Amino acid sequence: MISAFTIVLCLVGMLLQLSLIYAEYKKKMVAAVWLKGLAAAVFVCVGFLGLKSAGKSRFADTVVTGLLLGAIGDVLLNLRYLTKKLEQLFFMAGIASFFLGHVMYLVSLIPFSEHLPVMIIAGLAVTAILMAVILPKITASAVFKGFGTVYVLTVVFMATVAVGNLISVRNTNRTIFAIGALFFLISDIILIFNTFGPDFSMRLSAATLILYYIGQSLIACSVYFHP
């Protein structure tokens with residue numbers, strides 16, 4: 001069961017995330033890096049508290065590792081705004097950290113997937129449809145598009161397996177994780193269009209950050225309800 005302290009912690013994290021959005025709007029990028037790091041530290045703390053509450057398990061350990069990698073990715077992505085020289089390096093390092101985080105989420109989910117072959121086929125189909133829509137509308141190098149396709153496949157596969165697990169067995173743990181995974185997927189899709197599309201929108205950027213933070217927070221909270 002989630003404690004009142006954890007709920008308050010999640011609300012504090014969301015306030016930090018909203019402050020980050022405001023800092024980015026005002027172009028205060030140094031403050032934004034600190035705020036993003038603090039907000040990320042909150043969902044990692046929520047995961048660790050869940051680990052302590054529910055007890056050690058492979059699911060909890062891998063989810064918390066995924067949260068840590070996501071927090072590292074958060075900071076790396078925002079560091080790119082502080083230096084033009086290393087902008088691309090920080091961006092790619094941040095995406096790589098998120099990619100590894102999704103891999104850890106998959107590692108936590110796959111042992112509980114009763115219909116994994118079906119989920120693999122569904123994930124490939126959804127990714128193919130998404131990339132058919134996304135690729136013609138973004139401007140990026142062929143190498144980045146290739147890396148982006150692998151990344152999207154991983155995120156889609158993670159969300160697909162999470163939803164498949166929920167369909168197979170409905171419980172609080174799987175419900176919370178599946179909703180969080182879908183929020184994460186939607187935020188990433190918006191991020192791709194907003195970053196590599198023809199026009200950047202602060203509103204879409206804010207939506208991305210809010211959906212992402214809700215997704216990570218829900219995934220962190222799912223640890224509390226692991227059977």
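Any read-out appearing in this document is the output of simple, stated calculations on the displayed coordinates, not a laboratory observation. Owing to the predicted nature of the structure, the values given are computational and were not obtained by experimental measurement. A quick note on method: Cβ atoms are made from the backbone with ideal geometry, for glycine too, and the neighbour counts reach across all protein chains shown.
Each principal axis of the Cα cloud of the chain was taken in turn, and the coordinate range along them, longest first, works out to 46, 40, 25 Å. An ellipsoid equivalent to the range 22-103, defined through the eigenvalues of its Cα gyration tensor, has semi-axes of 27, 15, 6 Å when rounded to whole angstrom and sorted largest first. Applying D = kT/(6 pi eta Rh) to the range 63-194, where Rh is the Kirkwood radius over alpha-carbon pairs, T corresponds to 37 °C and eta to 0.692 mPa s, the Stokes-Einstein value obtained is 213 µm²/s. Of the residues Phe98, Ser168, Phe157, the one whose Cα sits farthest towards the positive end of the charge dipole of the chain is Phe98 (charges of +1 on Lys and Arg Cβ, -1 on Asp and Glu Cβ, taken about the Cα centre). Using C-alpha pairs below 8 Å separated by at least 6 residues, the relative contact order for the chain is 24 percent. Helices in the chain that qualify as membrane-span-like (whole DSSP H runs, Cα extent of at least 27 Å along the helix axis, mean Kyte-Doolittle hydropathy of -1.0 or higher) are 4-25, 29-54, 58-79, 87-109, 142-168, 172-196, 202-222. This model, with +1 at the C-beta of Lys and Arg and -1 at the C-beta of Asp and Glu, gives the chain a dipole about its Cα centre of some 360 debye.
Using Cα pairs closer than 8 Å and at least 6 residues apart in sequence, work out the relative contact order for the range 37-154, in percent.
So the answer I get is 23 percent.
Among the listed pairs Lys27/Lys85; Lys28/Lys85; Lys27/Lys52; Lys28/Lys137, those with a Cα-Cα distance over 27 Å are Lys27/Lys52; Lys28/Lys137.
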